[in-house]
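Let me begin by presenting the structure, written as structure tokens, before commenting on it.
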């Protein structure tokens, strides 16, 4: 007889990704003439839950290489920037975010500068990143249970009783080839 059982387990109950582009400003020590390069390093992040919502909190360091003094000298401006992105993660099967839920965050596309310009004494740059988030929570799965299922293999001893060999010998037809040959000749004729 088969019946169902419910098993409570941890599973991914929600999954999503979000790409964001944000504008940041840095003020170098000198008035810049040209931006020669802009790169991002040390992206650090984690997922948090607050009030039934999920957020990605993080920070990264920016290095902007620029020229100044009529493009005769260069300098590097550095800064650390924080971000906080709300992630509306769709949850499967009516699940809800609880205090037992876990948030796993991955950087699907590391932050990179997609546009940079000079605005007076400041350098303005746009940073694009894509984050993936998974919510792991308690869920139930239903499994079919069959009481009559027997997955044990029959263990056969290495020694075979003599009676088995006698049974095989008795069932062998010694005239099989001759009878088969005679039947073939009759069907041809």
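As a proxy for reagent exposure, ranking 131, 49 by other Cβ atoms within 10 Å from fewest up yields 49, 131. Taking 63, 148, 22 in turn, the Gaussian network model of the chain (Cα-Cα springs below 10 Å) assigns the largest fluctuation to 148.
Report, to the nearest 10°, how far helix 176-188 tilts away from the longest principal axis of the Cα atoms in the chain, using its own Cα long axis and a range of 0 to 90°. Helix 176-188 and the main axis of the chain meet at about 90 degrees.
Each eigenvalue of the Cα gyration tensor of region 82-189, multiplied by 5 and square-rooted, gives one semi-axis; in descending order these are 78, 28, 16 Å.
With neighbour counts taken as other beta-carbon atoms within 10 Å, the residues 185, 154, 30 rank, fewest first, as 154, 185, 30. Relative to the dominant Cα principal axis of the chain, helix 162-171 is inclined by about 70°.
Legend: translational diffusion of the chain by Stokes-Einstein, Rh = Kirkwood radius over C-alpha pairs, 37 °C, 0.692 mPa s; D = 138 µm²/s. Plainly put, region 1-111 has a radius of gyration that is 1.24 times its Kirkwood radius, both from alpha-carbon atoms, as the Rg/Rh ratio. Kirkwood Rh, Cα Rg: Rg to Rh for region 49-116? Rg divided by Rh gives 1.22.
Only the coordinates and a few stated rules stand behind these numbers; no lab work does. In this text, all values refer to a predicted model and were calculated from it rather than measured experimentally. For neighbour counting, all protein chains shown are included, and Cβ atoms are generated from backbone atoms with ideal geometry for every residue, glycine included.
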